[in-house]
Amino acid sequence: MDWKQYEHTSTEDLLTYISWKDQDAYKEDAKAAYTSLFFRFKEDIGKKARIVAINWGYDKDVGDVIAEQAFERFWSRPYTFEAEKCKTSDLDKCVLFYIYRIAQRLLADYKKTADKPSPYTGEEEVQVDYPDLENMDYPKEKLKDIRKAYEVLAGALARLTEKHKVVYLTYHAYEKKGLKLPRPLLKALREELELTQNTIRVYKKEAKEEIKTYLKLYGNK
Amino acid sequence: MATNKEIINMENITEWLSSTGFLFPSNEMELERFNKLYPDLENEVIDYNIDIERILSGNTRSLTIKPMFDNDDIASIRQYKMVARFGKSDQLPPNIMDKIKKNEAKKNNDASDKKEEN
């Protein structure tokens with residue numbers, strides 16, 4: 001079936017067709033619909049995955065693999081995306097945030113996939129906070145302020161060792177207020193970085209202190 | 001002039017990491033900043049190696065990641081590691097165990113000598 005048949009179909013309808021992927025009669029339609037969804041978001045996801053991967057110190061190919069795997073995860077379990085939880089009429093953005101979150105998790109725990117299959121692939125559900133887009137009230141910064149913020153953060157992170165940086169960013173990628181990181185992730189971090197949990201805690205604290213000091217010195221100029 | 005004092009602090013740093021490309025954006029504000037910082041350039045064509053056939057068949061590329069430290073680095077770091085990592089004393093080499101026992105014995109002797117002096 002030619003996916004172009006679904007090229008202009010609304011994202012909402014595409015998601016419905018995709019959810020029928022396990023019904024034999026609709027399998028091909030689901031594939032074509034997912035292909036259409038893929039081409040709709042490929043550029044955005046691909047670009048962001050490359051940017052984030054490079055900022056973590058990896059190359060652009062890591063970004064492409066992360067993006068590809070994130071699309072695969074969505075395709076393998078499309079039912080875990082619940083449009084009714086979006087709290088927004090902009091379904092496209094809600095889908096994007098959902099895939100970003102998957103990609104973020106893949107990047108944060110990708111290290112162990114180099115040697116063995118990720119324990120995250122398959123069974124568990126990706127927990128996603130659906131952003132409340134309609135109630136967002138936020139200041140619109142100028143590009144120069146955003147660029148300055150980037151420079152400050154890049155400068156601060158550049159002062160950390162690679163291990164400190166990975167520990168720091170991984171914690172930020174996962175940690176929600178008051179919650180600990182998932183156990184398998186902590187284990188993976190320990191194994192990958194050859195550090196004990198105590199050392200990781202110390203690294204996290206040291207990185208935080210370093211960033212704090214840096215922000216005090218350079219963030220207020 | 002805008003100052004960063006109002007922009008980044010330790011409370012909103014995750015939000016700023018997600019706005020500036022260190023993490024993926026998680027809400028509309030972060031997305032808007034992200035897109036402003038990394039705009040789509042006119043006529044920009046990027047050849048992403050992301051393939052729908054691999055995705056649909058579940059055969060996506062896996063990450064063949066270059067280790068963060070190469071083996072030589074790891075070896076050079078390892079020699080500085082404490083021998084008693086993870087508290088597994090049974091993994092300590094015999095010469096280290098002997099040294100520890102010797103030190104312990106010395107400490108005990110010193111302590112008992114002091115006691116006797118008193």
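Answer yes if at least one residue in region A:114-129 is facing chain B (nearest Cβ under 8 Å), modelled with pLDDT under 90 and in a loop (DSSP other than H, G, I, E, B), and no otherwise. Checking region A:114-129: at least one residue is facing chain B (nearest Cβ under 8 Å), modelled with pLDDT under 90 and in a loop (DSSP other than H, G, I, E, B). In region A:55-62, the count of residues that are in contact with a Ser or Thr (Cβ under 8 Å, 6 or more places away or on another chain), without any contact (Cβ under 8 Å) to a residue 60 or more places away in the chain and more than 8 Å from chain B (Cβ to nearest Cβ) is zero. Could you list, in sequence order, the residues of region B:7-23 that are surrounded by fewer than 21 Cβ atoms within 10 Å (Cβ to Cβ) and not hydrophobic (A, V, I, L, M, F, W, C)? The answer is B:Asn9, B:Glu11, B:Asn12, B:Thr14, B:Glu15. There is at least one residue in region A:66-86 that is among the β-branched types (Val, Ile, Thr), closer than 30 Å to A:Lys165 by Cα, part of a helix (DSSP H, G or I) and at pLDDT 90 or above.
Results for (1) modelled with pLDDT under 90; (2) assigned to a helix (DSSP H, G or I), shown as yes or no for each residue.
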residue	(1), (2)
A:Leu153	no, yes
A:Leu157	no, yes
A:His164	yes, yes
A:Val167	yes, yes
A:Thr170	yes, yes
A:Ala173	yes, yes
A:Gly178	yes, no
A:Leu186	yes, yes
A:Glu192	yes, yes
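Among the residues of region A:10-28, those identified as in a loop (DSSP other than H, G, I, E, B) and surrounded by fewer than 18 Cβ atoms within 10 Å (Cβ to Cβ) are A:Ser10, A:Ser19, A:Trp20, A:Asp22, A:Gln23.
Among the residues of region A:29-44, is any polar (S, T, N, Q) and at the interface with chain B (Cβ under 8 Å from one of its Cβ atoms)? Taking every residue of region A:29-44 in turn, at least one turns out to be polar (S, T, N, Q) and at the interface with chain B (Cβ under 8 Å from one of its Cβ atoms).
The values are calculated or read from the model by the stated rules, or taken from the named source; none is laboratory data. Note that this is a predicted model, so its numbers are computed, not measured. Counting neighbours? That spans all protein chains shown, and the Cβs are built from the backbone with ideal geometry, glycine included.
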